[in-house]
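Below you will find the structure I want to go over with you.
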Amino acid sequence: MKTESTLEKILASGQLAVTSECGPPRGALPSKVQEKAEMLRGCVDAVNVTDNQTAMVRMSSLAACILIKQMGLNPLLQMVTRDRNRLAMQSDIIGAYSHGINTMLCLSGDHPHFGDHPGAAAVHDIDSIQAVEMVKKMRDEGLFQGGQKIDGPPKMFIGAAANPFADPFELRVARLAKKVKAGVDFIQTQCIYNVDKFEKWMEGVRERGLHEKVYILAGITPMKSAGMAKYMKNKVPGMDVPDDVVKRISGVPKENQAEEGIKMCLETIDRLKNVKGVAGFHIMAIEWEHKVPEIVERAGFLPRPSF
Amino acid sequence: MITAERKPMEDLIKFVSPYRRILLVGCNECVTVCSAGGRKEVALLSSALQMHFMKEGKPFEIKEMTLERQCDPEYVEELVPYIDQVDAVLSMSCGCGVQEIARRFKEKPVLPAVNTKFMGASERQGVWAERCVGCGDCGLARTAGICPIARCSKQLLNGPCGGSTRGKCEVDPDIDCAWQLIWDRLKALGMTDKYEENLPAKDWRPARGAGPRKIVREDLAS
Ligand code: SF4
Ligand code: SF4
């Protein structure tokens, strides 16, 4: 075991892991974090805490992680390379670890262009792959990126994202291989609606034996409504929502669309459970956190293993 | 080359309004090629300003000059005979030329007439696009001759991100995704293996990480 991370222990035990996320509030109210996280108690193995997601200012991921840790849950620190240079990232990483946060996700982040401070400079001192390399060096060699020794290195279980649906598709397995080479421990994927395409990507992943080097958590986001399905299809970069998904949810009366969305995501989970190399699920119910326990239960993932 | 675009007329009017006699100075290099501040643009701007102040009934004199290279002290020297006859200089060169004038004529106000944009190339008639940010340590040999620092919106050295869509960048469908271009060229060159070499974190010191930069060529320096 490389770390004390509960997520690592569950994945190493061979059981399907379940993670979910909590977007911090746009303000200083700790109760907003606590209420959201409380809904996830007992039904997930780690709670991703997003880092200024969609390039909108929110409570820092680190601060919200600490609040969640204090509740006895397992926060997962997300960190984008957009807002911090390597100094700031490393100081936050050791700071997080000093609070017992031992699981993190390295991302490049949405471009400021999409957020509420479009005039902000994007930092991008390093990219997500270099961030993975940096965190691994901190953990395994006890060295800062700059080469100096760390007095009490942070032992982080290191995650990254993968989007099998972005273009060019043919290099998406190679890009995962780059992350594996950098030393990533687990992957959380983009939301999967095009299951055929995901399975094709997994085939490529298995052909290269990457599934034996990294745990892959399949990203799942239930559709709340036909409107959301259309929005995801047309407006979100890198999202692949096939026509039949939109058609199916649009085909039921409005008041039943949410339930249909849940059913569809459960069917996806069911199908992916049997795909070799899928090590778990990352359920992102955007502003719909209270549905996560129900999804986890109906998917047969309860009770969660304890370590 | 360095590209530039002329500032809006109302800004320029505001700039020169406090003065009566203006020296308008163009440059025969990059800003001529990108039609922002060469001889022709100097003539156009000069008449536009004269027309404006004539309509306002305000006394206004303007002298036009276009130097071979405004970023070169040798040519800036050509302004010496005229500089005392004007109240301010309006420069149509890139920011380098404006600053050369400021350096040479310490007591003369100098104003920029163009917005200096980027180092780029002409994609077709009338269209220029960014190609290089002068990072000081060219890595084009590792990225198939396409620069991810200048041309990827997130300057990813190990792209593409998850937003690349049909060859275009997630930020704007008018921007080509640099990493799609790199991948296409690696394929054409039969070098896709190279893609999986992770590029390490960049040392930004040769860029601006160690403060303003200078080149000293001992063999040429006087
Ligand atoms: S690698 Fe650096 S020097 Fe080379 S094109 Fe890109 S920015 Fe310019
Ligand atoms: S879409 Fe391509 S160019 Fe745009 S940020 Fe992503 S990798 Fe860079």
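In Å², rounded to the nearest 100, what is the total accessible surface buried by chains B and A against each other with a 1.4 Å probe?
Chains B and A together bury roughly 2500 Å² of accessible area.
Something else: Using a probe radius of 1.4 Å on heavy atoms only, what accessible surface per residue do you get for chain B? Whole Å² is fine.
With the other protein chains kept in place, chain B gives 55 Å² per residue.
Compute the helix-to-body angle for B:39-56: its Cα long axis versus the longest principal axis of chain B, expressed 0 to 90° and rounded to tens.
Helix B:39-56 sits roughly 50 degrees off the main axis of chain B.
Still on this model: Which of the pairs A:Lys9/A:Lys213; B:Lys117/B:Lys168; A:Lys200/B:Lys154; A:Lys137/A:Lys179; A:Lys2/A:Lys155 have their Cα atoms more than 18 Å apart in this structure? All intermediate terms of the calculation are to be shown ahead of the outcome.
On the way: A:Lys9/A:Lys213 15 Å; B:Lys117/B:Lys168 22 Å; A:Lys200/B:Lys154 28 Å; A:Lys137/A:Lys179 14 Å; A:Lys2/A:Lys155 7 Å.
With Cα atoms farther than 18 Å apart: B:Lys117/B:Lys168; A:Lys200/B:Lys154.
Hey, can you list the residues from segment A:208-246 whose accessible area shrinks by 10 Å² or more with all protein chains present, relative to the chain by itself (probe 1.4 Å, no ligands or nucleic acids)?
Buried-area filter returns A:Arg208, A:Pro237, A:Gly238.
Please report the Cα spread of chain B along all three principal axes, rounded to whole Å, starting with the longest.
67, 45, 25
What value, in deg cm²/dmol to 500, does the helix sum -39500 (n - 2.57) over DSSP H runs of n ≥ 4 give at 222 nm once divided by the residues of the protein assembly as shown?
-9500 deg cm²/dmol
Starting at the first residue of segment B:94-106, write each ³J(HN,Hα) from the Karplus equation 6.51 cos²θ - 1.76 cosθ + 1.60 with θ = phi - 60°, in whole Hz, x for Gly and Pro.
Rounded to whole hertz, the list is 5, x, 5, x, 4, 6, 5, 5, 4, 6, 6, 10, 5.
Can you pull out the GluC sites (Glu not before Pro) in segment B:165-222 that DSSP calls coil and that have at most 14 other Cβ atoms within 10 Å? Provide the component values of the computation, followed by the final result.
Working: sites: B:Glu170, B:Glu196, B:Glu197, B:Glu218; in loops: B:Glu170, B:Glu197, B:Glu218.
Sparse-neighbourhood loop GluC sites (Glu not before Pro): B:Glu197, B:Glu218.
For segment A:77-123, state which residues have at least 50 Å² less accessible area in the presence of all protein chains than in their chain by itself, taking the probe as 1.4 Å and leaving out ligands, DNA and RNA.
By number: A:His111.
OK, next. Based on the Kirkwood radius over alpha-carbon pairs, what value in µm²/s does the Stokes-Einstein equation return for the translational diffusion coefficient of segment A:197-307 at 20 °C and 1.002 mPa s?
Taking Rh from Cα pairs, D becomes 141 µm²/s.
While we're here: List the equivalent ellipsoid semi-axes of the protein assembly as shown in whole Å, largest first, each obtained as the square root of 5λ for an eigenvalue λ of the Cα gyration tensor.
They are 53, 26, 23 Å, listed from largest to smallest.
Ignoring ligands and nucleic acids, what accessible area does A:His113 show with a 1.4 Å probe (Å², nearest 10)?
Counting only protein heavy atoms, the figure is 100 Å².
Enumerate the calculated ³J(HN,Hα) couplings along segment A:16-22 in order (Karplus 6.51 cos²θ - 1.76 cosθ + 1.60, θ = phi - 60°), each rounded to whole Hz, writing x wherever the residue is Gly or Pro.
So the J values, rounded to whole Hz, are 5, 8, 10, 10, 8, 9, 9.
Could you give the angle, 0 to 90 degrees to the nearest 10, between helix B:178-188's Cα long axis and the longest principal axis of the Cα atoms of chain B?
Taking Cα atoms only, the helix is inclined about 50 degrees.
I've got another one for you. Ratio of alpha-carbon Rg to the 2.2 N^0.38 Å globular estimate for segment B:2-117, to two decimals, please.
Dividing the Cα radius of gyration by 2.2 N^0.38 Å gives 0.96.
At a 1.4 Å probe, which residues in segment B:178-213 are at least 30 Å² less accessible with all protein chains present than in their chain isolated?
With the partner chains in place, segment B:178-213 has these residues losing at least 30 Å²: B:Gln180, B:Trp183, B:Tyr195, B:Glu196, B:Asn198, B:Ala201, B:Trp204.
Quick check for you: with a 1.4 Å probe and neighbouring chains kept, what is the accessible area per residue of chain A, in Å²? Write out the running numbers ahead of the final one.
Values: 12430 Å² over 307 residues.
Roughly 40 Å² per residue, with all protein chains present.
Tell me the volume per residue, in Å³, of the convex hull enclosing the alpha carbons of segment A:6-298.
For segment A:6-298, the hull spanned by Cα atoms encloses 130 Å³ per residue.
If you don't mind, there's one more thing I want to ask. If you roll a 1.4 Å probe over the protein assembly as shown with all protein chains in place, what percent of the accessible area is carbon or sulfur?
Whole-percent figure for carbon plus sulfur exposure: 51.
The values are calculated or read from the model by the stated rules, or taken from the named source; none is laboratory data. Model, not experiment: these values are computed from the prediction. Positions of Cβ are generated from backbone atoms using ideal geometry, with glycine treated the same way; all protein chains shown enter the neighbour counts. SASA here: full protein model, heavy atoms, side chains in, ligands and nucleic acids out. Shrake-Rupley method; radii C 1.70, N 1.55, O 1.52, S 1.80 Å.
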